[in-house]
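Every number in this text was worked out from the coordinates using simple rules, so none of it is lab data. Bear in mind the structure is a predicted one, so any value in this text is a computation, not a measurement. We place every Cβ from the backbone using ideal geometry, glycine too, and count neighbours over all the protein chains shown.
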Amino acid sequence: MADVLKYTARARLKLTCNDAILYDQVYYDDDVPYVESTGQRIVLATNMGNPQRVDLSGVTSVPGSSSGVTLFVETNRDIQIAINVASRLWPLSANGALMLVGCVTRLYIFNESTTNLATVEVVCVG
């Protein structure tokens, strides 16, 4: 009997003022079947010269396809991150996280700090 692989993705942003809800945005995708996944912890060196490409172990989507992936990235330090194109870096703040559902063919991460190592957690499911 083959394994039944499923994942659940949840994200929520809730704003309140004196217990009154100002904004409550919820993303919830329950019991989604998947074929491949990877999870890894990466320690980025200080003073990197170029962004490091993360091996997503074949869990990428083909551009133009209707099936994407779910990518989750979390970091303990300020880093820069790029999806698909290494030169299009944007910041991800210390103790920040990113969840992206869509077409991902490549992931690049970059630590500009000259004094602090950065630990990055990456999970990709597709």
Simple spin-label estimate for D78/N116, 7 Å along Cα→Cβ, in nm, reads 0.8 nm
Scattering profile of the chain from the Debye formula, Cα beads only, expressed as log10 I(q)/I(0) at q = 0.20 Å⁻¹, is -1.14
For the chain, whose charge dipole is built from +1 on Lys and Arg Cβ atoms and -1 on Asp and Glu Cβ atoms, the candidate among V54, Q25, V122 with its Cα farthest towards the positive end is V54
Most exposed to least, judged by fewest other Cβ atoms within 10 Å, D30, D55 sort to D30, D55
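Which value, in debye to the nearest 20, describes the size of the charge dipole of the chain about its Cα centre when Lys and Arg Cβ atoms bear +1, Asp and Glu Cβ atoms bear -1, and nothing else is charged?
300 debye
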Mean separation of Cα contacts under 8 Å (at least 6 apart) over the residue count of the range 36-125, i.e. the relative contact order in percent, is 46 percent
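Taking 0.36 nm per residue of separation and subtracting the Cα-Cα distance, what length does fully extending K6 through R88 add? Could the numbers behind the result be given before it?
Details: separation 82, 0.36 × 82 = 29.52 nm, distance 3.17 nm.
Contour length minus the Cα-Cα distance gives 26.4 nm.
Provide the gained length on full extension for the span N95 to E36, in nm with one decimal, where the gain is 0.36 nm per separating residue minus the Cα-Cα distance.
Values: separation 59, 0.36 × 59 = 21.24 nm, distance 2.69 nm.
Full extension from N95 to E36 adds 18.6 nm.
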